[in-house]
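The values are calculated or read from the model by the stated rules, or taken from the named source; none is laboratory data. Small disclaimer: the values here were computed from a predicted structure and weren't measured. Cβ placement follows ideal geometry from the backbone for every residue including glycine, while neighbour counts extend to all protein chains displayed.
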Amino acid sequence: MLPTLLAGAGILIVAGLMIFWPDSSTQATKKAGGPNAASHEGAKGAVSSRGGVAAREADEAKAAPAKKYKVNPRLRPATQMGMSPNPPSNEPPEFNDADEELEYWRTQLSEAKRVLGLREKAIERLPQIREQIMAGNDPEGGLKAFEKRETVIHDNLGKQKDKVKELEEKVGALEEKAGL
């Protein structure tokens, strides 16, 4: 184990020296006294001393200006752009007359009854789902998750029944008031 650790440490030290050790161009720049010493000598000096292609003048290295990144509008949540529909409000609008108010509450009652029917269908499907889970690969884990979902479904059904009852009372009171 010790030779492996020593070999690994040696490799890391050698790699660190190779990466962070100053190279000859950095030292030559520091010795010449300028940021771009080769470009300041001119083409003749650079070619005659080293041979090959002469160095060109180069601008100083500057940091790139900070960019303000644009986010694709499709990636942003709709609420940040202001284009999403307003969340549904639970408060009813103002009504001009009693017939308009009665019609609004009848529409709310019919929608609540439709949702109640969907919740009752979900209750009817629970035995089938339980059978599928019991026939699956992990019946114990699936059964625990199923029981949690089952309680939520029963709670939602109770809440929907209460909502339907409340709307029926409201529509009944408005019908009495209107004389229907």
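Matching residues to (1) over 30 Å from Pro93 (Cα atoms); (2) surrounded by 11 or more Cβ atoms within 10 Å (Cβ to Cβ); (3) in contact with a Cys (Cβ under 8 Å, 6 or more places away or on another chain); (4) at pLDDT 95 or above:
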{"site": "Ile123", "(1), (2), (3), (4)": "yes, yes, no, no"}
{"site": "Ile133", "(1), (2), (3), (4)": "yes, yes, no, no"}
{"site": "Gly141", "(1), (2), (3), (4)": "yes, yes, no, no"}
{"site": "Lys148", "(1), (2), (3), (4)": "yes, no, no, no"}
{"site": "Val171", "(1), (2), (3), (4)": "no, yes, no, no"}
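For every residue, the table says whether it meets (1) among the basic types (Lys, Arg); (2) at pLDDT below 75; (3) not assigned by TED's automatic domain parsing to the domain that holds Asp162.
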| site | (1), (2), (3) |
| --- | --- |
| Lys44 | yes, yes, yes |
| Arg56 | yes, no, yes |
| Lys68 | yes, no, yes |
| Asn86 | no, yes, yes |
| Glu103 | no, no, no |
| Arg106 | yes, no, no |
